[in-house]
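The values are calculated or read from the model by the stated rules, or taken from the named source; none is laboratory data. No experiment lies behind these values; they were computed from the predicted model shown. Because the Cβ atoms are built from the backbone with ideal geometry, glycine has one as well, and the counts that use them run over all protein chains shown. Areas reflect the complete protein model, heavy atoms only, side chains present, ligands, DNA and RNA absent. Shrake-Rupley method; radii C 1.70, N 1.55, O 1.52, S 1.80 Å.
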Amino acid sequence: MSDPLTITLRPRRQESLPDRHPWVLEKSILPPRPAPADGDVVDLVTADGKWVARGIFNGQSRIRLRLYSWDHGQPLDRDFWRNRLAAAVELRRLLCYDDPAGACRLVFSEADGLSGLIVDRYGEHLVVQTTALAMAHRVGEIGDLLGELLSPRGITVRTDRKIAAMEGMQTQEAVLRGEPLPPSVTLRENGLSFQVDLGTGQKTGYYLDQRENRLAAAACLGGRRVLDMFCYVGGFSLAAAKLGEAREVLAFDSSQRAIEQARANAALNGIENVRFEVAEAFETLESLASAGERFGAVILDPPRFAGTRQSIDHALRAYHRLNRLGVQLLEPGGILVTCSCSGRVSRDDFSRMLYGVVRRTRREIQILQQRGPSPDHPVRPSCPETDYLKCFICRVE
Ligand code: SAH
């Protein structure tokens, strides 16, 4: 095989390029001549010709280059992809996420050295999401390798429309191998059963990253009256009711489908002290406060508020308002479980936002646990964006 084409870093940019970060932006490189084809393997070199890393080019994305190897002798061939996938799968085995009736994230993009590739296992089915053209171009090979490694019942690929537009790639929605995805599956998590709609559900169907946080939150909720805002299909609510022995749970989500699914999940687990309602969060928090309602615990797990760097301030204001409303509904000594899945909002920012809530409400907050995503969503110090999920468990005076 011929050597990959080279892409040269701009001389002034190479010092500021974070070492081993897998993204190289358009502004960091010189216009390539000749230009590689989108999806081609390229070598990244410094202006004085020193080899840096090997990656895949995409002239249509702001992320021009995704880097996969910092070892000069390592070609990005089938063995390379097999080894990366096998390492990711092996890690989940080590974490004991191999319950055949359970679900887990088998591959988490940058966190597993596979920028642009997400693979979730729902029972015996795999759902592959390509979030970069580099991986979309290789999805057939990836499907074959996953098939060899795991022998699943079926492998389906999906792409998010917005991400496809950013990457200049076609959306993919196809069965790669074996059987098509069933419309829904019943999964086991923390000893509870959840029916998850794989056809139209959010993310690839379920929020796998909150599994341990649901358990940790439940452990603080015994005997309390709990409010679960942004409940989706009932992850935190049912854990609170069953594992936490909460006295009563009120749960809200703006999605009608999610609420129907949540009610079905309560029934599936024989849980009767949870009430699920379709409602908008901010309005509901305000009307509960004006009705004089009080809770022993409030769980806030909103969707991502900050997608871009420019939107951080706006997001922090939204988190402040949400948490202020939540705190005002808490009895003294109440538990606040507050989350943010905005990668752009750092832990420090989130902590500072809570300080703002303390000053505004005159209620002291003690942070008891500062948690992250489940360990099948590892965090890489070389790629801070992988530290996207914060879940703080707090006591409010
Ligand atoms: N806590 C859930 C995941 C929540 S994801 C779990 O453990 O699985 C965020 C949820 O917020 C989604 O289900 C979405 O439908 C809902 N949502 C988005 N905007 C909302 C709003 N303004 N009011 C209420 N719910 C909202």
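From its DSSP helices (H runs of at least four residues, each -39,500 (n - 2.57)), the chain gives a residue-normalised ellipticity at 222 nm of -8000 deg cm²/dmol.
When peptides 229-238, 254-263, 3-12 are sorted by average Cβ neighbour count within 10 Å, with the highest value leading, the order is 229-238, 254-263, 3-12. Using C-alpha pairs under 8 Å with a sequence gap of at least 6, the mean separation divided by the residue count of the chain gives a relative contact order of 11 percent. Under a model in which nothing but the beta-carbon of Lys, Arg (+1) and Asp, Glu (-1) is charged, the chain shows a dipole of about 1060 debye around its Cα centre. When the C-alpha to C-alpha distance is required to be over 27 Å, the pairs from K242/K390; K27/K390; K162/K390 that qualify are K27/K390.
Principal-axis analysis of the Cα atoms of the chain puts helix 78-94 at an angle of about 20° to the longest axis. Taking the C-alpha atoms only, the angle from helix 312-328 to the longest principal axis of the chain is near 20 degrees.
Rounded to the nearest 5, the antiparallel percentage of DSSP beta bridges internal to the stretch 117-238 is 75%. Packing, taken as the mean count of other beta carbons within 10 Å per residue, orders the peptides 84-93, 30-39 from highest to lowest as 84-93, 30-39.
Short to long, the 10 Å bins of the Cα pair-distance histogram for the chain hold 5, 21, 29, 24, 14, 6, 1, 0 percent of all pairs.
If you put +1 on each Lys and Arg Cβ and -1 on each Asp and Glu Cβ, how big is the dipole of the stretch 316-392 around its Cα centre, in Debye rounded to 20? It would help to have the intermediate numbers written out before the result.
Values: 13 positive and 7 negative charges, 82 e Å.
Roughly 400 debye, rounded to the nearest 20.
Think of a 1.4 Å ball rolled over the protein heavy atoms: the chain then has 45 Å² of accessible area per residue.
Arranged from highest to lowest average of other beta-carbon atoms within 10 Å per residue, in what order do the peptides 104-117, 306-319, 341-354 appear? Each step should come with its number before you reach the end.
Values: 104-117: 24.2, 306-319: 15.3, 341-354: 17.4.
By packing density, highest mean first, the sequence is 104-117, 341-354, 306-319.
To the nearest ten degrees, helix 281-290 and the longest principal axis of the Cα atoms of the chain are 20 degrees apart.
For the chain, what % of the accessible area comes from carbon and sulfur atoms, probe 1.4 Å? Using a 1.4 Å probe with all protein chains present, the chain comes out at 48 percent carbon and sulfur. Positive end of the dipole of the chain (Cβ unit charges, origin at the Cα centre): among L67, G234, T8, the Cα lying farthest that way belongs to T8.
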